[in-house]
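Notes to accompany the following structure.
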Amino acid sequence: MKIIGKNSLSQYISWLMYIVFVYSILLLIYVIIGFTLGICKIKTANTFLYSFYEIWKDYTSPRYYFRFYYPFTNFELAANSIKFQNIFLLLLSLIFNVLFYYYCFKAFQSISNEKIFNNKTVKWLNRFAILNLVILLISPLFSIFLFETFPYQLIPIYLKSILQIVFVYFVIVFLKKGLDLQTENELTI
């Protein structure tokens, strides 16, 4: 089986990334609808779609809690207290997942062309690396500002992410060099 080009592994992976991308969008919409229905439940005591979204009040404190299940299952998607920080971080992580899988889809789709050295591949891999770098830099800041603590237990994950970003940038430089050599070769012919 070919790795690059039409009917190759990269094309099948791009289709898989597209399916996961669409699923991530649907999951984001599902959670937004859940929070919207939760706000309606808090204000009006409505129990619409209560099997998917649970919102309840802890009577020992004035705080509300939420629990979301994956659609049509009993598996928990998210559960926490309803605070700005928790809702914001959940939505931010879901938005990151949508962007991550979209950029993966576009990068693998551009690799599945017959000409691997093209500007689209470099562009999408560059965007993928920038997205990961931004998330890597922003996530500790959000933790510090929202929770007033630094997540020291996540340092190995940050180091792994830095290594992945460096690797992607090496691939980008390799593809740029290949694109330059390809254009030089086409000009001499």
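The values are calculated or read from the model by the stated rules, or taken from the named source; none is laboratory data. The structure displayed is predicted, hence computed values, not measured ones. All Cβ positions, glycine included, derive from the backbone under ideal geometry; neighbour counts span all protein chains shown. Areas reflect the complete protein model, heavy atoms only, side chains present, ligands, DNA and RNA absent. Shrake-Rupley method; radii C 1.70, N 1.55, O 1.52, S 1.80 Å.
Miscellaneous remarks
- Per this entry, Glu114 is counted among residues that are open to solvent by 50 Å² or more (accessible area, probe 1.4 Å), closer than 21 Å to Tyr12 by Cα, touching a Lys or Arg at 6+ places or on another chain (Cβ under 8 Å) and not hydrophobic (A, V, I, L, M, F, W, C).
- Residue within region 131-143 that is surrounded by 13 or more Cβ atoms within 10 Å (Cβ to Cβ), outside any helix (DSSP H, G or I) and at pLDDT 75 or above present: no
- From the options Gln164, Gln153, residue that is exposed (fewer than 11 other Cβ atoms within 10 Å of the Cβ) and of a type in the set (S, T, N, Q): Gln153
- One residue alone among Thr73, Thr149 is over 30 Å from Tyr12 (Cβ atoms) and outside any helix (DSSP H, G or I), and that residue is Thr149.
- Each residue in region 167-184 was checked for being under 13 Å from Phe128 (Cα atoms), hydrophobic (A, V, I, L, M, F, W, C) and surrounded by 14 or more Cβ atoms within 10 Å (Cβ to Cβ), and 3 of them qualify.
- Any hit, region 118-126, residues being assigned to a loop (DSSP other than H, G, I, E, B) and farther than 17 Å from Ser24 by Cβ: yes
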